[in-house]
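The values are calculated or read from the model by the stated rules, or taken from the named source; none is laboratory data. Treat the numbers as computed from the prediction; the structure is a model and nothing was measured. Quick reminder, even Gly has a Cβ in these numbers, built from the backbone with ideal geometry, and neighbours come from all protein chains shown.
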Amino acid sequence: MKKLNFLKAIVDFVWIMALISIPFLVFFIGYLVFSKNPIDFPIEMNGIEITVLDRNAKLALFFATASYIIILYSLFLFRKLLRLFQLKIIFDETTIFYLNRIGRLFIISGLLSGIPAFFFKLAEREIKIEIGSDSLLYLISLGLFFMVLSEVFKIAKTMKEENELTV
């Protein structure tokens, strides 16, 4: 139980720090998207370095910001899920729903950030093959993990209900 409380404390801290950053991020990205002025400094988001603010760069920034906000919503749901675990509500429809929703949100976030980044690099003629870490693959894998975990919890819930009926 100490590990769960420690995880909840870390997630709560990250959540609070992220909430503080959202207004600044939305204002900054909103300014960049609607501004006609060139930028004097490079911006890097999700492995994309933007030095010229054209239509493709604005679109990539918009999708990266949307992906970040979806990640924050999934973090909010994860906090709620951890709270259910603290209350020892484990094999419940709400738990299964949260796990499945978090998985779907991670996949959507990965696609929202990865696909526009790929097309931005394609438009900039910066296509290169790298072997290493990629947030698109991590997010999709994490999303699939949460969805599989949701299915496991659903099976366990069914088995628990059947076991309670036979006793």
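Within the range 97-106, if we keep just the residues that are among the hydrophobic types (A, V, I, L, M, F, W, C) and buried (at least 21 other Cβ atoms within 10 Å of the Cβ), the residue that is farthest from the chain's Cα centre (by Cα) turns out to be Leu99.
In the set (1) assigned to a helix (DSSP H, G or I); (2) modelled with pLDDT of 90 or more; (3) surrounded by fewer than 19 Cβ atoms within 10 Å (Cβ to Cβ), Ile89 fails one condition alone, (1). Of all the criteria given as (1) more than 23 Å from Thr65 (Cβ to Cβ); (2) modelled with pLDDT under 70; (3) assigned to a helix (DSSP H, G or I), the one not satisfied by Lys121 is (1).
For (1) surrounded by 16 or more Cβ atoms within 10 Å (Cβ to Cβ); (2) at pLDDT 80 or above; (3) closer than 28 Å to Arg104 by Cβ, each residue gets a yes or a no:
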site	(1), (2), (3)
Asn5	no, yes, yes
Ala18	yes, yes, yes
Ile22	no, yes, yes
Val33	no, no, yes
Lys36	no, no, no
Glu44	no, no, yes
Glu49	no, no, no
Tyr73	no, yes, yes
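Considering each of Leu142, Leu149, Leu99 in turn, give the residue that is in contact with a Ser or Thr (Cβ under 8 Å, 6 or more places away or on another chain), at pLDDT 90 or above and either of a type outside the set (S, T, N, Q) or more than 25 Å from Ala57 (Cα to Cα) (or both).
Just a single option satisfies the conditions, and that option is Leu99.
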